[in-house]
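Before any comments, here is the structure.
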Amino acid sequence: MREQPNGPQAAAAARRPLRKDAEVNRERLLTAAREVFAESGLDVTMHDIAARAGVGVGTAYRRFANKDEIIDALFGEHVTQVAAIAASALEDPDAWNGLTTFLERLLQLQQEDRGLMEILNNPRHAHRFDGPGDRITPLIGAIIDRAKDQGALRADFEPTDLLFLQYALAPIMDRTRELHPALYRRYLTMFLDGIRADCGPRSAFPVSALTPGEAQAAITQGLESFRRPAPRKRELTMPLGETRRAWSRS
């Protein structure tokens, strides 16, 4: 059996430029991962990524040791993208417009990419912010300070408020992604009106509210993700209210 390089030999091999075909396969895998993460989130497997890329799973593991390496590579791209959006917001002479545009574009990225939304809102991925956070946090602080300095943003608004505003909207985006993808923008408008420094006319909602039936469908879809295993007959016949009471007794 041929021995695998280790120590200095392995490090040198890692720095060595990839052959052209190997680089092509790496880019195909990253492209495939972008697509499947955006569509299905981060719980997909290396097999799923390899299948979308049209390569064998062995090829996938030769280019990336595991799925985390792919996630980290793509998250780095997202960080660069968010930094560019923040920089653009800082160049806007209207600081309020810069702030709202930054928020809208950041949320739109999450709406279009389940994987990114999981990284930004799931505590399991908090460790991925150890370096990127140092790059993005000062930009967000500067966006907020400019809006305060121009008298557009209430003086007691803090950078962490923006973080939790995003957390609050994430479940709405997730539950209504298929039913009404733009619904989150209604609640974003409510939030933005609430953090303005002035008490002028309120903004018009960009989308209408859900009907009672649509709201129930969205809530039911969300509950499916957290429902405990139960006999199939019980799931089909027990009303939703009874199911909730059963959960509280278990």
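Every read-out reported here was derived from the displayed coordinates using simple, explicitly stated rules and does not represent laboratory data. Predicted model only: the values in this text are computed from it and were never measured. Here the Cβ positions follow ideal geometry from the backbone for every residue, glycine too, while neighbour counts run over all protein chains shown.
Based on every Cα atom in region 111-150, Rg and the maximum pairwise Cα distance Dmax equal 13.1, 37 Å. Computed over region 48-136, the alpha-carbon pair-distance distribution with 10 angstrom bins reads 15, 38, 30, 13, 4, 0, each value a whole percent. The trypsin sites (Lys or Arg not before Pro) of region 174-214 meeting both criteria, a DSSP state outside H, G, I, E and B (loop) and at most 12 other C-beta atoms within 10 angstrom of the site's C-beta, are 202.
Assuming R0 = 35 Å, can you tell me the calculated FRET efficiency for the pair residue 178 and residue 46, based on Cβ-Cβ distance, to the nearest 0.05?
On the way: r = 26 Å, r/R0 = 0.75.
That pair, residue 178 with residue 46, gives E of 0.85.
Oblate is the label for region 143-204, because a/c, from the alpha-carbon gyration tensor with a ≥ b ≥ c as root eigenvalues, is 1.5 or above and a/b does not exceed b/c.
Consider all pairwise Cα distances in region 84-171 and report the whole-number % of them above 20 Å. Spell out each step's value before the answer.
Values: 1309 of 3828 pairs.
Of all Cα-Cα distances in region 84-171, 34 percent exceed 20 Å.
Counting every other Cβ atom within 10 Å of each residue's Cβ, 68, 174, 156, 92 order from fewest to most as 156, 68, 92, 174. Rg to Rh for region 12-65: what is it, with Cα atoms only and Rh by Kirkwood? Reported Rg/Rh, Kirkwood definition of Rh: 1.00.
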